[in-house]
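The values are calculated or read from the model by the stated rules, or taken from the named source; none is laboratory data. Everything numeric in this text was worked out from a predicted model, so none of it was measured. Backbone-built Cβ (ideal geometry, glycine too); neighbour counts: all protein chains shown. Just so you know, the surface numbers come from the protein's heavy atoms only, side chains and all, with ligands and any DNA or RNA stripped out. Shrake-Rupley method; radii C 1.70, N 1.55, O 1.52, S 1.80 Å.
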Amino acid sequence: MTNPEHQRDILTQAEAEARAARVSNTSYELNIHLRRSSATYRGIAIIRCRVAGQDDVFLDFRGKTIERLLVNDSPVERPSWTGYRLTIPGALLRPETTIIVAYENEYDHGGDGFHQFVDPEDGEEYLYSNFEPYEAHRLFPCFDQPDIKGTYELTVTAPPEWEVIANARLASESTIGDGRRRRVFERTKPFSTYLFALVAGPYHAERTMHGGVELGLFCRKSLVKHLDADEIFEVSKQGLDFYADFFDYPYPFGKYDQIFVPEFNAGAMENVGAVTHNEYMIFRDPPTENQRRGRAETILHEMAHMWFGDLVTMRWWNDLWLNESFATYMSYLCLTTATRFKEGWQDFNGSIKNWAYRQDQLVTTHPIAGQVEDTDQTFLNFDGITYGKGASVLKQLVAAIGIDGFREGMRAYFREFQYRNATLAQFIRSLEAGSGRDLQEWSRLWLETPSLNTIGSRWESDGDRITGFTLAQSAPGDYPTLRPHHLEVGLIRDDGSKLAITAIPAEINGAEADVPAARGLPKPSLVFPNYNDHGYAKVALDPLSVDWVKQNLDRIGETLLRQLLWSSLWNMVRDQQLKSTDFLALVREKLPLEPESGLIDGILGQASAALSRYVPEERRLPEFHLSFLANWSALEKAPAGDQKIIWARALIGSAVVPDDIERVARLADGDESIAGVAVDQDMRWAIAAKFMAHGLPGAEDRVAREIGRDPSDRGQRAKLRAETSTPSATVKADAWTRFNDGGYGSLHLTAAAMGGFNWTHQRELLEPYVAAFFAELPRIYREKDKEYQSDYFDALFPSYRVEEGILERSRKVLGAYGEAFPTLARKLREANDDLERAIRCRAFAAS
């Protein structure tokens with residue numbers, strides 16, 4: 001039976017709960033046949049389970065063809081199959097049921113399911129699976145929900161030179177008649193279907209042992225020259241030791257493989273014993289320490305999931321945050337405790353926490369522990385609230401109950417729920433038992449209500465001494481919850497020659513709180529109510545503090561405090577309390593004096609966002625040019641190493657005026673030079689794309705030279721982006737047709753081409769595609785997979801036009817189609833929210 005046209009491939013919470021009440025004790029025996037250079041693969045799935053009741057049940061399966069279906073040895077001649085849901089007739093069910101499905105399926109090329117990739121450098125073929133949250137049924141028929149855990153016995157027949165990596169150790173292998181090798185893997189422990197993994201191809205392998213755990217590291221042959229296995233193994237070993245000790249629970253899954261895979265949609269995926277990583281963590285160009293630290297955090301994040309997420313799994317996706325928040329918090333705790341990356345919490349504040357703050361201020365804000373009605377909604381909740389806010393709140397909780405109480409609670413949690421599922425309530429009860437604290441009210445206020453608070457201060461003095469000090473807390477009108485905050489208030493006094501900092505513990509539960517410990521202290525020059533970053537809240541600086549910071553930010557010796565102050569200034573820009581042009585002037589003046597590379601990188605990202613979205617249109621090009629000149633000067637003066645790389649990237653990013661683009665090209669070509677600066681391949685591609693987009697002389701020759709230097713998959717994507725950047729009506733029309741039809745062969749190639757389509761200076765050329773974009777959205781969201789929908793929207797929404805007219809078009813589509821397509825509705829609401837903010841920021845900067 002051939003797959004009929006499927007409709008929306010989703011699973012609702014109600015359907016999952018009803019099925020979990022009937023299906024249990026599940027095991028899968030899978031036999032997968034792979035051949036080189038084939039468009040399809042074959043499989044036989046034997047599913048054994050206990051079933052209660054006599055009504056029909058359904059398997060999830062999204063394949064090409066079902067060749068045979070047997071239920072308890074009875075053949076089903078005409079299966080009831082929607083293309084993603086295979087109904088098993090109730091009349092054939094028994095309390096102990098066996099289902100056999102023989103099938104053929106096509107490989108996926110969108111980064112989810114069972115993905116096939118051919119390396120353009122050497123023609124080698126690579127396969128890998130990616131299933132979270134609801135894609136395992138693309139590879140094999142299954143009960144694809146987290147609370148029907150199963151064991152897996154996998155046999156794979158594949159070309160003999162291929163590595164085959166799965167969740168368990170290899171048990172045996174043999175050669176069959178056609179020369180392929182049959183690999184049989186050990187039976188696994190129980191885990192959820194979305195954590196199943198199958199990776200195959202001529203991957204390069206490196207292996208070692210640590211504490212009885214087999215460690216494997218895999219990448220494509222063409223990337224071996226860039227693989228720094230020693231550092232990756234070092235961090236992995238440090239993580240395994242830390243987690244086993246902290247949780248008092250040895251690593252539970254026998255072996256631990258990490259595979260860097262091409263065209264991967266996410267950063268990484270915590271498949272049991274076979275973690276897949278995005279290849280951007282194999283550094284093809286010289287990395288900064290910040291990039292290395294970010295990679296280490298990702299490695300440790302996925303490893304933490306082996307306990308929290310894999311060993312114990314949420315029952316349904318409304319507790320997704322339990323997986324991601326916990327893994328994020330634990331990875332930073334491990335990073336700063338067990339590895340050389342001691343600045344992890346600073347990175348947490350600059351990236352993870354700021355991501356959470358931005359997400360929590362959008363119109364689509366939601367509780368950390370919210371309702372998730374179906375698997376499509378799950379896809380949308382992989383966001384800054386789930387990862388960043390949840391981790392920030394856990395960090396705050398640990399500070400309140402103590403690390404010992406938290407650790408004891410986690411140990412009890414793993415012991416009680418190992419290889420099972422758990423809920424938020426059960427997690428909280430474990431923490432209560434470990435800490436001896438009642439956490440119900442904390443859970444209600446922090447986990448079950450949306451948005452964030454703002455903390456400010458008021459104080460009086462008699463001239464030299466504080467006579468009264470009050471903390472003030474506010475909340476948005478739509479989300480008026482006031483929460484308890486345990487803070488340190490930083491009082492910074494400037495005597496003209498040096499700074500003195502006094503930190504005062506403080507608590508606030510309502511709208512105001514007196515801080516008696518501040519009375520009698522010297523009058524401060526700067527007050528920062530969230531000193532040392534214990535709280536999750538925006539900080540409102542008082543006017544005197546703002547004035548002092550503008551003049552003296554570079555004099556503050558503490559890196560974290562400087563970072564927190566920059567974050568507060570950035571939030572003031574977003575809240576129309578500080579003009580974007582004034583913020584950019586401050587960046588140009590103060591940031592070149594900053595010694596901390598990670599902080600420079602983060603602030604330059606905010607400056608780039610301000611230039612693109614928050615500067616009035618008539619000031620945009622002049623501000624870009626001023627930034628370009630400042631970045632060039634900073635690059636000349638920057639010390640060797642990371643700062644040279646960071647400022648060089650910023651320089652190229654700020655080259656928007658054609659003369660500036662040609663100047664960075666001269667730097668890349670060696671016609672101009674700055675001591676210690678090497679223009680790497682990624683920078684070269686950025687320059688080539690800008691040459692194409694602006695129609696500058698020699699643009700096509702430049703692209704040809706770069707693809708000669710970099711014929712890799714990265715080069716192929718960069719070339720596509722450059723080509724669709726061309727200011728030609730024919731090029732744009734051809735690209736638009738492909739975006740909306742067959743694409744460029746894979747989602748990643750198509751997304752790369754999309755990335756070159758919209759350019760602010762091509763406004764007139766792109767005018768026809770504004771209306772076309774909004775007209776196509778309903779069809780894209782009806783016919784395409786979720787990742788395609790997301791890439792299409794993010795790349796082609798005309799965000800380069802900060803105008804009421806775009807906002808009006810977007811609102812009309814939201815009103816007409818939002819109810820039919822919830823995922824589109826969320827995208828539109830967030831884009832509209834961002835656009836409204838940008839319009840307000842531009843108006844404020846122009847006032």
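Evaluate region 89-105: report whether one residue or more is surrounded by 22 or more Cβ atoms within 10 Å (Cβ to Cβ) and among the hydroxyl-bearing types (Ser, Thr, Tyr). Yes - at least one qualifying residue is present in region 89-105.
Answer yes or no: is there a residue in region 438-457 that is touching a Gly at 6+ places or on another chain (Cβ under 6 Å), within 20 Å of Ala540 (Cβ to Cβ) and open to solvent by less than 50 Å² (accessible area, probe 1.4 Å). It would help to see each step written out before you state the result.
Here is the first cut: in region 438-457, the ones touching a Gly at 6+ places or on another chain (Cβ under 6 Å) are none.
No, region 438-457 contains no residue that is touching a Gly at 6+ places or on another chain (Cβ under 6 Å), within 20 Å of Ala540 (Cβ to Cβ) and open to solvent by less than 50 Å² (accessible area, probe 1.4 Å).
Sub-6 Å Cβ pairs linking a first residue in region 670-697 that is more than 23 Å from Thr724 (Cα to Cα) to a second residue that is open to solvent by 40 Å² or more (accessible area, probe 1.4 Å), at least 6 apart or interchain, are Glu672/Arg666; Ile674/Glu636; Gly676/Ala640, ordered by first then second residue. One residue stands out in region 216-266 among those that are open to solvent by 30 Å² or more (accessible area, probe 1.4 Å) and closer than 22 Å to Arg714 by Cα: the one that is nearest to the chain's Cα centre (by Cα), namely Ala266.
Kindly indicate whether Asp785 is acidic (Asp, Glu) and at pLDDT 95 or above.
Working: acidic (Asp, Glu): yes; at pLDDT 95 or above: no.
When the stated conditions are applied, Asp785 does not pass them.
Let's see how each residue does on (1) among the acidic types (Asp, Glu); (2) closer than 30 Å to Asn25 by Cβ; (3) touching a residue at least 60 places away in the same chain (Cβ under 8 Å):
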position: Glu373; (1), (2), (3): yes, yes, yes
position: Phe382; (1), (2), (3): no, no, yes
position: Gln396; (1), (2), (3): no, no, yes
position: Ile401; (1), (2), (3): no, no, no
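Checked against the criterion of being in contact with a helix residue (DSSP H, G or I) (Cβ under 8 Å, 6 or more places away or on another chain) and either open to solvent by 10 Å² or more (accessible area, probe 1.4 Å) or closer than 30 Å to Asp241 by Cβ (or both), region 130-139 contains one or more residues that satisfy it.
Testing Arg705 on (1) touching a residue at least 60 places away in the same chain (Cβ under 8 Å); (2) assigned to a helix (DSSP H, G or I), one condition comes back false. Which one is that? Result: Arg705 fails condition (1) only. Considered as a group, the residues in region 480-515 that are over 37 Å from the mean Cα position of the chain (by Cα), exposed (fewer than 14 other Cβ atoms within 10 Å of the Cβ) and free of Cβ contacts under 8 Å to residues at least 40 places away in the same chain include one that is farthest from Ile455 (Cα to Cα), and that residue is Ser497. Residues that are closer than 26 Å to Glu764 by Cα and open to solvent by 20 Å² or more (accessible area, probe 1.4 Å) do occur in region 670-687, at least one of them. Tell me, please, whether a residue that is open to solvent by 10 Å² or more (accessible area, probe 1.4 Å) and hydroxyl-bearing (Ser, Thr, Tyr) can be found in region 548-563. Yes - at least one qualifying residue is present in region 548-563.
Checking each residue in region 442-479 for being over 30 Å from the mean Cα position of the chain (by Cα) and either closer than 20 Å to Gly390 by Cα or of a type in the set (Gly, Ala, Ser) (or both) picks out Gly456, Ser457, Ser461, Gly463, Gly468, Ala472.
Just one of (1) without any contact (Cβ under 8 Å) to a residue 60 or more places away in the chain; (2) assigned to a loop (DSSP other than H, G, I, E, B); (3) surrounded by fewer than 19 Cβ atoms within 10 Å (Cβ to Cβ) fails for Gly745. It is (1). The C-beta contact set for region 324-340 (first residue in a helix (DSSP H, G or I), second residue among the polar types (S, T, N, Q) and open to solvent by less than 10 Å² (accessible area, probe 1.4 Å), distance under 8 angstrom, 6+ apart or interchain) comprises Glu324/Thr386; Ser325/Thr386.
Flag: Glu67 matches the condition of being assigned to a strand (DSSP E or B), acidic (Asp, Glu) and farther than 22 Å from Val272 by Cβ. Of the numbered criteria (1) open to solvent by 10 Å² or more (accessible area, probe 1.4 Å); (2) farther than 30 Å from Ala718 by Cβ, the one Leu807 fails is (1).
Just checking, does region 578-587 include any residue being in contact with a helix residue (DSSP H, G or I) (Cβ under 6 Å, 6 or more places away or on another chain) and under 17 Å from Ile455 (Cα atoms)? No, region 578-587 has no match at all.
Could you go through region 412-419 and let me know if any residue there is in a helix (DSSP H, G or I), more than 25 Å from the chain's Cα centre (by Cα) and buried (at least 21 other Cβ atoms within 10 Å of the Cβ). Yes, region 412-419 has at least one match.
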